[in-house]
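Chemist: Dumping the structure here so I can ask a few things about it.
The values are calculated or read from the model by the stated rules, or taken from the named source; none is laboratory data. Keep in mind that this is a model prediction, so the values were computed, not measured. Side chains are part of the model used for accessible areas, which takes the heavy atoms of the whole protein and leaves out ligands, DNA and RNA. Shrake-Rupley method; radii C 1.70, N 1.55, O 1.52, S 1.80 Å.
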Amino acid sequence: MEQVLLLNITYEPLKIINWKKAVTMLFLGKVEVIEEYNETVRSVSFTLRLPSVVRLLRMVKKPRGAVRFSRQNIYSRDRYQCQYCGSRFSTEELTYDHVIPKSRGGKTRWENIVTCCVECNRKKGGRTPAEASMSLIREPSRPDWVPALRITIGFQRIPETWRDYIYWNVELIE
Ligand SMILES: [Zn+2]
């Protein structure tokens, strides 16, 4: 049966649930539908496009554990979105930027590192955002979720509609 990817309110993938569970959560107002399959589900009382990706409307705290400070997790926190121009990129096209440059005493830590595309990184150079007239989409902070989700599913079996949400931050099994 069709499976549904459950995202946290942060768009972080949490787990895979079956469609009945997803529909129940939808009717309880716990989730919103982000992506749908082409199929519909019918019951006596409703007809509905089958959800393929749903997002929780309230934050679910995952088991605590320090989030490793890594390039991958910085990209994940920033949703693979350049924090200056707002465009989304694949890992190869991203880098990270010290908001306050290292040469000015900026530290390499969650609060001073943002995901950045190569072009914006070049444009900003060794300047502060104010000096470069570039503003941040989101102030960087230490994430309180655990971003890495292990889904043991063959890549070919992943629904197309999931790929935007899991392709770059889930460990996939070939
Ligand atoms: Zn950019």
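Chemist: Taking only protein heavy atoms into account and a 1.4 Å probe, give the accessible area per residue of segment 6-63 in Å². Intermediate results must be reported in sequence, preceding the final value.
Modeler: Numbers: 3420 Å² over 58 residues.
Heavy-atom SASA per residue in segment 6-63 reads 59 Å².
Chemist: Ok, one more. In whole percent, how big is the carbon plus sulfur part of the accessible area of segment 40-147, probe 1.4 Å, protein atoms only? The partial results should precede the final answer.
Modeler: On the way: 3040 of 6230 Å².
The computed percentage sits at 49.
Chemist: Amide H to amide H under 5 Å from residue 50: which residues, 5+ apart in sequence or cross-chain, H placed 1.01 Å off N in plane?
Modeler: HN-HN under 5 Å from residue 50: 37, 39, 40, 41.
Chemist: Oh, and also: Over segment 84-138, with the other protein chains present, what is the accessible area per residue in square angstrom, probe 1.4 angstrom?
Modeler: On the way: 3140 Å² over 55 residues.
Dividing the accessible area of segment 84-138 by its residue count gives 57 Å².
Chemist: Using θ = phi - 60° and the Karplus relation 6.51 cos²θ - 1.76 cosθ + 1.60, list the HN-Hα couplings for segment 129-141 in order, rounded to whole Hz, with x at every Gly or Pro.
Modeler: Whole-Hz 3J(HN,Hα) from phi for segment 129-141: x, 4, 4, 8, 6, 10, 10, 7, 5, 9, 5, x, 8.
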